[in-house]
Amino acid sequence: MTFSRLCEKNYILFDGAMGTELQKRGLKAGEPPESLNFTAPEKVREVIRAYAESGSDIVTANTFGANRYKLSETGKTVGETVSRALEAAREAVGDFPDILIAQDVGPAGRLLRPAGTLGFDEAYEMFAEQIKAGVNGGADLFVLQTFSDLLELKCALLAVKENSRLPAICSMTFEANGRTFTGCPASAFALTASGLGADVIGVNCSLDPRELLPVVREFRKYTDLPIMAKPNAGLPDPVTGAYGLSAEDFAADMREHASAGVKILGGCCGTSPEYIRLLKETVDSVNYPEFTERKKISAVCSGVKTVVIDRPRVVGERINPTGKRAFKEALKNSDVDYILGRALEQVKAGADILDVNVGLPETDEKAMMLRVIEPLQGVCDLPLQIDGTDPDVIEAALRRCGGKPIVNSVNGKEESLSSVLPLVKKYGAAVIGLTLDEKGVPETAEERFEIAKYILDRALSLGIRKEDVFIDCLTLTVSTEAGAAVTALNAVKMVKDRLGLKTALGVSNVSFGLPERDVINAAFLTAALNGGLDLPIINPNSPAVMGAVRAYNLLNGYDKNAAEYISAYSGKAAETAASGNKELTLSEAVLNGMKKDGALITARLLENIPAMDVIDGHLIPALDKAGDGFESGLIFLPQLILSAETAGACFDVIKKKINSKGERAAPKSKGKIILATVKGDIHDIGKNIVKVLLENYGYEIIDLGKDVPPETAADAAASTGAGLVGLSALMTTTTPAMAETVALIKERGLRCAVMVGGAVLNADYALSSPSSGGIGADYYAKDAKGAVDIAKKVFGEKVEK
Ligand code: THG
C-alpha cells in the first residue's frame, strides 16, 4: 500500500494516543516513552496492535521525542531508537499488509531563535538525523505533529523533503483562539506548509473535536491538500485522570469533521483503540463530501500573520540602502538595530508587507541577510518580500522565513528564470516578475506584456500557482522618459485584463531626480491603483503617498464605514501639535524587543532623571504594557520573551549607573518567587510562560527547572526566603508529587505561600486539603495572568480588574 493509494479511500483512519496508552501499561512519569522501545517493546507492540485491530489505516511508531536532545537522557542514539520503534511497529502490524507505518516527529523541545536559543541550522541537523533514521528503518511516511512554531515546522518539513521521498503529514496544535501557542493562525500554517510540499495539513492535540472544527474549516480556505484532525478526548479529570469525552461522544463529534471534508481522522491524548473502533463506524457511514473547488486566492504570510491580496496591499520600500547614507553606514557596521528601526517605522505607518533589501557593493549580502532576517521576524509580524538578485542570498532568506514570503524578483532573462523560479517553487513563495529581458526594458506596453506572459508560462511549467505570480511592469522615471508612466500603466492594465495576474510597481521610481517627489508619487499611485495595481511598493512614511492609498481604499469600498481612514487620521491634528518628534520611546523599544535601542534610551533618560524614576516611570509601565498585550492576544510569546530580555538589558544599564555612583545596587524587585515543575513532570512550557510574565511584572524569579523533587523546592524556599512558590504539573500522574511538595513546605513551617497550576488541575482540587484527596495549595493559578494576580496579592499590590 502507498499513501497515494490510501488517499483513494473514502476516509483514512489514523490511530489514537500512544503516550496515555503506554502510561496505562506502566510508563513511569518523567520516563521518556521512547525508552520502552528497548525496555518493554511488547507493550509498544500491544498498543500498536490494538490500533491495527481497531481499523487504523496508518499507525504511528513510538518515536515522537526520538531526537538527539530529548534522547540524551536515555543513552540511546536516534538511529537505534527509531529503528527499534519501527521494528516494533512492523511486528505489531505483521499480518495487516495494507497498514502504513508513520514515523512520529515532534518538535525539538527547545524554542528556535529569536524566542529561544536553538539555531535554525542546528534544528535542521537534528530533524535530518531523525528523518534519515526513519528512511533507513523503513518508515512509510512521516507525521510531523504537535508543532506550534511555524518556522520550526518549516525546518522539519525541509528536513523531510531534502532527505527522503516519503510523504509528510504536517500537523500543528491550536488553542481556543484559533492560533498556536506562538501565535500562528491556521491560514499561515496552511499556506506555508502547502507551498513547501506537505502532503497533508492537520491539527492534533490540545482541544476536543468541536473546538477544533473552526480550525479545519479555516484550513480549507487556504489549501487543496487533504486535511487531518486528531483531537484530544477533551480534558483529563484532575483526580481520576479520565478524559472528558467518552469514545461514543468523541466518535459522534468527529462525524462533523468528516462532513466538513476532513479526510484523515484519528485521536490524540486520551483516545484509545476503543475510540478508533467507534470512529471507524462513524466514518464508514459518512460519504466524503464532493470536493468543491475553492476560490483561488493570492495570499502571503509571516509566522503569525496572513495578508490576502484581495485589495491593494502596501509594500514598504524603506529597508533598502539605495540613495541613503545612514542605511549604507548601518550595513557596513552590521547595525541590525538600525534596520529594525526602519522596519518598525513602516509597520507603524501602515505597511502590509516589508521589502527587505540589504545589498551593497563590497559587503557580504548573504551574511547581512542572515543577520537581519531572524530579529526582523522577532520584532515585526508582517510578511516579508525578499529583494535581491543573487539566488544564494534569496535562498538563504527563504529558508529562514517563518511563513510564505514574496521573492522580489525574477525577470525574463534565462539566467534569472532558471535560477530563481526553482527556489520560488521549492520554498512555496510568491514571486514578482519584472518585465525585462536580455534586451532590457521594452519601450512598449505590448512587449512588456509578452515578457509577463513568458514569465508566467515558465512559472506554471514548474508547478508554481498562477495566484503566486505578481507582475511588475516597471516604473521608469518621468524626468528622463516623458512616456514612462503611461507605458507602465498601460502594461499593468493588459496584464490584469488578459492574464488575470496580481501586479506590483515600484511607485517611487517614477519621480527620481525631481523635486517634491511625493506630489508625483501620490498622483501616479492613484492612477496605477485605478488601473489595477495590487502591490504598490512605496514609502509608507510619506503622508501624501499613504494618504493616496487610504483614499483609494475608501473611495472604492474596501474600507467599510471608513473605519481605517478614521482610525488613521482621527486625532491627527492634536497629535502632531503635541509631539512634533517621532523618537522611539523606551516603551516602544521594550515592546519591540530592541535591546540596543532600549539600552541607549535608558542611558539617555538616566542623564536627566533618577534611576528609580526611570524604572518606575518608564520600564515597569513598559513591562506592564507588554504583559497586557500578551494577555489580550495582541502580542505572542516570542515577543514577550524578547521584551523581557530588552527590559533586562535596560536594567543592566541602570544597575551600572547606580553602582558607579555607589548607590544601592540592583533595583528592588517586587518580590522573590520560586517556580518549579514538580518531580516526574518534564513539561516546563507552562511554567516558562508564567516565569516570563512574572518577570515582566517585575518579580524576581528563581527557576528550579523541571522534574524538581519536593526536598529541592522546600530547601530553596527556606534558603532564599522567597515569599511565594509556584508549582506546575501537566500530567495527572505527577499531581501527587505536587501535593507532596506542598505538604513538605507546610511541614517545615516555611513562611511562604504556595500557588499551583497546570492543565490537569482545577481550583477545587488544588485548594482542598490532602486529607480529602486534594493538593492543599494556598492559591490556584488558572493561567499565567492568574499567577500574576496571585503574586500581586501575596506581595501586597493592588490587583486591577
Ligand atoms: N520594482 C520592484 N522592486 C523594487 C523596485 C521596483 N525595489 C526597489 C525599488 N524599485 C523600490 N524601492 C525604492 C527604494 C527607495 C527609493 C525608491 C524606490 C528612493 N530612494 C531615495 C533615493 O534614491 O534618492 C532615497 C531617499 C532617502 O534618502 O530617504 O527613492 O521598481 N519589484
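Each value in this text was obtained by applying a stated rule to the coordinates, not by laboratory testing. Note that the structure is a prediction, hence the values are computed from the model and not measured. With ideal geometry, Cβ positions are generated from the backbone for all residues, glycine too; neighbour counts draw on all protein chains shown.
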Query - Kirkwood Rh, Cα atoms: Rg over Rh of region 386-451 - result: 1.02
Query - Residues with amide H under 5 Å from that of Lys404, placed H, sequence gap 5 or more - result: Cys301, Ser302
Query raised in the report: Of Val203, Val308, how do they rank once you tally other Cβ atoms within 10 Å and put the fewest first?
Result: Val308, Val203
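So if we plug the beta-carbon distance of Thr480 and Ala523 into 1/(1 + (r/R0)^6) with R0 = 25 Å, what FRET efficiency do we get, rounded to 0.05?
Numbers: r = 18 Å, r/R0 = 0.73.
Using R0 = 25 Å, I get an efficiency of 0.85.
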Query - Cα lying deepest toward the dipole's positive end in the chain, options Gly773, Ala484, Met494, charges on Cβ - result: Ala484
Report task. Quick one: net charge around Val510, please, counting Lys, Arg +1 and Asp, Glu -1 for every other residue with C-beta under 14 Å from its C-beta. Result -> -4
Report summary line: In the chain, whole DSSP H helices that both stretch 27 Å or further along their axis by alpha carbon positions and average at least 0.0 on the Kyte-Doolittle scale are 637-660
Report summary line: Where a ≥ b ≥ c are root eigenvalues of the Cα gyration tensor, a/c under 1.5 meaning rounded, otherwise prolate if a/b exceeds b/c and oblate otherwise, the chain counts as oblate
Query raised in the report: Taking the inverse of the average 1/r across all pairs of different Cα atoms in region 306-420, what Kirkwood radius in Å do you get?
Result: 14.5
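For the chain, with only Lys/Arg (+1) and Asp/Glu (-1) charged at the beta-carbon, what is the dipole magnitude about the Cα centre, in debye rounded to 20? Don't skip to the answer; put the middle values down first.
Values: 90 positive and 105 negative charges, 214 e Å.
Its charge dipole is roughly 1020 debye.
Pairs of Cα atoms under 8 Å, at least six residues apart: use those to get the relative contact order of region 315-392, whole percent.
On the way: 91 pairs, mean separation 29.3, N = 78.
The normalised contact order for region 315-392 reaches 38 percent.
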Query raised in the report: From the square roots a ≥ b ≥ c of the eigenvalues of the alpha-carbon gyration tensor of region 671-775, which class results: rounded (a/c under 1.5), prolate (a/b over b/c), or oblate?
Result: oblate
Requested in this report: Please work out whether region 680-727 counts as rounded, prolate or oblate from its C-alpha gyration tensor, where a ≥ b ≥ c are the square roots of the eigenvalues and a/c under 1.5 means rounded, while otherwise a/b larger than b/c means prolate and anything else oblate?
Outcome: oblate
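Ranking request for peptides 332-343, 751-762, 101-112: highest mean number of other beta-carbon atoms within 10 Å first, then the rest in descending order. Let's see the in-between values first.
Details: 332-343: 17.9, 751-762: 21.0, 101-112: 22.9.
Peptide ranking by packing, descending: 101-112, 751-762, 332-343.
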Report summary line: For Phe174, the residues 5 or more places away or on another chain with a placed amide H closer than 5 Å to its own amide H are Asn204
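Would you kindly state how much longer the chain becomes between Asp310 and Ile702 on full extension, computed as 0.36 nm times their sequence separation minus their alpha carbon distance, in nm to one decimal? Kindly include the intermediate steps, with their values, before the conclusion.
Details: separation 392, 0.36 × 392 = 141.12 nm, distance 4.95 nm.
That pair, Asp310 and Ile702, stretches by 136.2 nm at full extension.
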Query raised in the report: Per the helix-only calculation at 222 nm, which mean residue ellipticity applies to the chain, given -39500 (n - 2.57) for every DSSP H run of n ≥ 4 and division by its residues, nearest 500 deg cm²/dmol?
Result: -14000 deg cm²/dmol
Report summary line: Listed by chain and number, the residues whose amide H is under 5 Å from that of Thr503, excluding neighbours fewer than 5 places away on the same chain and using placed H, are Ile471, Asp534, Leu535
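How much length is gained on full extension from Lys295 to Ser567, taking 0.36 nm per residue of separation minus their Cα-Cα distance?
Values: separation 272, 0.36 × 272 = 97.92 nm, distance 3.09 nm.
Taking Lys295 through Ser567 to full extension adds about 94.8 nm, to one decimal.
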Query raised in the report: If contacts are Cα pairs under 8 angstrom and at least 6 residues apart, what is the relative contact order of the chain in percent?
Result: 8
Query - region 493-615: radius of gyration over Cα atoms, expressed as a fraction of 2.2 N^0.38 Å - result: 1.47
Query raised in the report: What is the extension gain from Ala551 to Ala260, computed as 0.36 nm multiplied by their sequence separation minus the C-alpha to C-alpha distance, in nm to one decimal?
Result: 100.8 nm
Query raised in the report: What's the FRET efficiency of Ser660 with Arg751 using the Cβ-Cβ distance as r and R₀ = 41 Å, to the nearest 0.05?
Result: 0.70
Report summary line: Fewest-first ordering of His618, His257 by Cβ atoms within 10 Å yields His618, His257
Query raised in the report: How large are Rg and Dmax for region 412-563 when only the alpha carbon atoms are used, in Å?
Result: 15.9, 48
Report summary line: Correct response: the longest run of the chain lacking exposed GluC sites (Glu not before Pro), defined by DSSP loop and at most 10 other Cβ within 10 Å, is 9-289
